[in-house]
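Okay, structure first, notes after.
The values are calculated or read from the model by the stated rules, or taken from the named source; none is laboratory data. Just so it is clear, the model here is predicted, and its values are computed rather than measured. Cβ atoms come from the backbone with ideal geometry, glycine included; neighbour counts cover every protein chain shown. Note: accessible area is taken over every heavy atom of the protein model, side chains too, but ligands, DNA and RNA are not part of it. Shrake-Rupley method; radii C 1.70, N 1.55, O 1.52, S 1.80 Å.
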Amino acid sequence: MWMSRRLAPLGQAFRTPLSALLSLATLALCLPLLWGALHWLVLSAVWPWQPAALCQSQTGTCWPFVAEKLNLILFGTYPRDELWRPVVTSVLLCAMTVQTGLQMTGRGLPLRLGQTALLWLLALGLSFALMAGGVLGLAPVDSIRWNGLPILLLLSVGAIALAFPAGIVLALARDQDRVPMLARLAAGYIEIARGVPMLTFLFVGIFVLPLMLPPDTRISPVAATLVALIVFHAAYFAEDIRGGLHALPAGQAEAAHALGLPYATTAGRVLLPQAIRRALPSIVNSVIGAYKDTSLVVVVGIHDLTATARMAFSDPEWRSFALEGYFVVGLWFFVTCAFLSMVGRQLHRHSPAR
């Protein structure tokens, strides 16, 4: 039974003559690409234990460059004697993301929603404390030196974790008819946020938000960017959740009203759990988009993985190895997005709408 399920996609690829022809044509196109990748990564590569000078005469991957510059690519200019802090931050946020993804598919630790939310708040608070320092005897580190992987995770994971509950509030406000003005305001905010490019929000967060604060109040570029990302992504999560609310039968709300349940209880105990479950595949799709779009913060001067990769090959000694630097970045995004896509497929497979 297990083997038949695994071979089912292969049978679909050769079910008809046309599908078989297309499958063979695709395979013929992919084989040269796979051979080229194997040749570049392995067969013609210079390995870390070999002299770096060989990279000038070989056409494959220069692994000595990756070995020497990996810390710079992953953590940028963070103080070298404090590197354990961004390492712990990155591991903590990745572990929480994996746990949440597995929990959504029924394979993670059996935690309740409230427990997961509390763990996320603790993880984000601890991550910012570790990176910033100034507490528990940790040396303070200015946010301008938060580079590479930790800043990518802090901004993407933090924005998603905080924008999701904001999206729930917006979806409920837009979907209710008890206060029409509130519904119109929520709808206006969502439509404006979805109709404006994310770069506009980033520039507003960096350059306009500090001007709106009281005098002598300073906000770091990282915090301002995080606020901009939360405001932007909340609108997309709101529409995902509103779609889940509209997918529910009208009898759900009517039955709760007939039982005399107040609106808050109806929304929190009856409607939202079902709506979020129905909307999970589209929510995961929004999460993947939000995660990848976080790389745009490089435009406002925050050095994510792509910027630290450029730092690595800007060294005159390694200037010709940009491909290796971007390969490390691409591999990271491929692995993480593949995990998120797997979660989305599992949720779609078990979606009630199927």
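From the list L162, L130, L109, exactly one residue is farther than 17 Å from D304 by Cα, open to solvent by 30 Å² or more (accessible area, probe 1.4 Å), touching a residue at least 12 places away in the same chain (Cβ under 8 Å) and aliphatic (A, V, I, L, M). Which is it?
The unique qualifying residue is L162.
If the requirement is being farther than 25 Å from F339 by Cβ, open to solvent by less than 60 Å² (accessible area, probe 1.4 Å) and touching a residue at least 12 places away in the same chain (Cβ under 8 Å), which of these qualifies: A139, A123? If you could, list the steps in order and put the result at the bottom.
Working: A123 fails: farther than 25 Å from F339 by Cβ.
On inspection, the qualifying residue turns out to be A139.
Based on what the data block shows, is P64 exposed (fewer than 15 other Cβ atoms within 10 Å of the Cβ) and either more than 30 Å from S156 (Cα to Cα) or at pLDDT below 80 (or both)?
So P64 does not fit the description; no.
Among the residues of the range 295-354, write down those that are under 30 Å from C55 (Cβ atoms) and small (G, A, S).
Here is the first cut: in the range 295-354, the residues under 30 Å from C55 (Cβ atoms) are 295, 298, 303-338.
Of everything in the range 295-354, those that are under 30 Å from C55 (Cβ atoms) and small (G, A, S) turn out to be S295, A307, A309, A312, S314, S320, A322, G325, G330, A338.
Cβ-Cβ distance below 8 Å, separation of 6 or more or different chains: which pairs start in the range 248-270 with a residue that is in contact (Cβ under 8 Å) with a residue 24 or more places away in the chain and end on one that is open to solvent by 40 Å² or more (accessible area, probe 1.4 Å)?
Matching pairs, first to second residue: L248/Q274; L248/R278; Y263/R178.
Which pairs turn up if I take residues in the range 288-310 that are small (G, A, S) and look for partners that are open to solvent by less than 50 Å² (accessible area, probe 1.4 Å) with beta carbon separation below 6 Å, at least 6 apart in sequence or on another chain?
So the pair list comes out as A290/I160; A290/H233; S295/D304; S295/T306; A307/V298; A309/I73; A309/G325; A309/V329.
Would you mind finding the one in I190, I206 that is part of a helix (DSSP H, G or I) and within 26 Å of V141 (Cβ to Cβ)?
Values: I190 fails: within 26 Å of V141 (Cβ to Cβ).
Step by step, each of I190, I206 is checked, and only I206 is part of a helix (DSSP H, G or I) and within 26 Å of V141 (Cβ to Cβ).
If I filter the range 303-325 down to residues being surrounded by fewer than 17 Cβ atoms within 10 Å (Cβ to Cβ) and part of a helix (DSSP H, G or I), which single residue comes out as nearest to the chain's Cα centre (by Cα)?
Within the range 303-325, the subset surrounded by fewer than 17 Cβ atoms within 10 Å (Cβ to Cβ) is 310, 314-317, 319-320, 322-323.
Add one more test, that the residue is part of a helix (DSSP H, G or I), and what stays is 310, 316-317, 322-323.
Working: R310: 21, P316: 33, E317: 33, A322: 24, L323: 23 Å.
In this case the residue turns out to be R310.
Kindly establish whether F237 is touching a Ser or Thr at 6+ places or on another chain (Cβ under 8 Å) and open to solvent by less than 40 Å² (accessible area, probe 1.4 Å).
Numbers: touching a Ser or Thr at 6+ places or on another chain (Cβ under 8 Å): yes; open to solvent by less than 40 Å² (accessible area, probe 1.4 Å): yes.
The answer is yes for F237.
Could you list, in sequence order, all residues of the range 244-254 that are modelled with pLDDT of 80 or more and assigned to a helix (DSSP H, G or I)?
Residues satisfying the conditions are G244, L245, H246.
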